[in-house]
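What follows is a short report on a single structure.
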Amino acid sequence: MRRGEQMKQRSFNKIHIIGSVGSGKTTLAKELSEQLAIPYFELDNIVWIRNKNGDIRRTEQEREEYLNGILQTDQWIVEGIHNEDWVRSCFNEADIIIYLHTAYSTRTYRIIKRYLKQKLRVEKSHYKPTFTIFMKMFKWNRSFEDVGKVNFFSCYAVHSDKILVIRSTKWLKEWINNT
């Protein structure tokens, strides 16, 4: 039985979605949230208090309390890759960890497309879409490609039985529809 087939046999009420910038984490979280009627949360919005006058970074204690409050509920979808100790409990509690292994070129295209849509105000963003942020996204994307995924798999190898690596959005949608 293939890994995806084995995972279909399980129930997923607590889902963590990871991947690089532009991999499709938020889109997938929204789709799963709607289909499964499970609330979703973005780790970036756990780190930052969103404010019209500028974002404010939560303290470590505020951030951990917020995340722990989410994790104590019966159902959740959390998306984000923050590969730090404060997120470890999220990986521990998840029923499944979906790793979006989207092609580097696809992620790069999506970063450009997102930036242009946000600058044209066609797409809403939680942050001010500055050129500096745009360039940082390329840096984060490259860093994730070079180091991030290796670090993730070495740090969280203990959870290998619940990590589902997705390379194709088409395959994932079929898997979700059959789950």
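Tabulated data for the structure shown
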| quantity | calculated |
| --- | --- |
| Any hit, segment 142-158, residues being farther than 21 Å from Ile97 by Cβ, modelled with pLDDT under 85, surrounded by 13 or more Cβ atoms within 10 Å (Cβ to Cβ) and under 18 Å from the mean Cα position of the chain (by Cα) | no |
| Checking Ile111 against (1) surrounded by fewer than 14 Cβ atoms within 10 Å (Cβ to Cβ); (2) in a helix (DSSP H, G or I), the condition it does not meet | (1) |
| Among the candidates Val122, Val165, residue that is among the aliphatic types (A, V, I, L, M), in contact (Cβ under 8 Å) with a residue 60 or more places away in the chain and surrounded by fewer than 17 Cβ atoms within 10 Å (Cβ to Cβ) | Val165 |
| Criterion violated by Ile97 - all others in (1) more than 27 Å from Gln35 (Cα to Cα); (2) touching a Phe, Trp or Tyr at 6+ places or on another chain (Cβ under 8 Å); (3) not polar (S, T, N, Q) satisfied | (1) |
| Test: Leu100 is in contact with a Ser or Thr (Cβ under 8 Å, 6 or more places away or on another chain), farther than 19 Å from Lys136 by Cα and at pLDDT below 95 | yes |
| Enumeration of residues in segment 16-46 that are of a type in the set (Val, Ile, Thr) and crowded, with 20+ Cβ neighbours inside 10 Å | Ile17, Ile18, Val21, Ile46 |
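The values are calculated or read from the model by the stated rules, or taken from the named source; none is laboratory data. Model, not experiment: these values are computed from the prediction. Note that each Cβ is placed from the backbone with ideal geometry, even for glycine, and that neighbours are counted across all protein chains shown.
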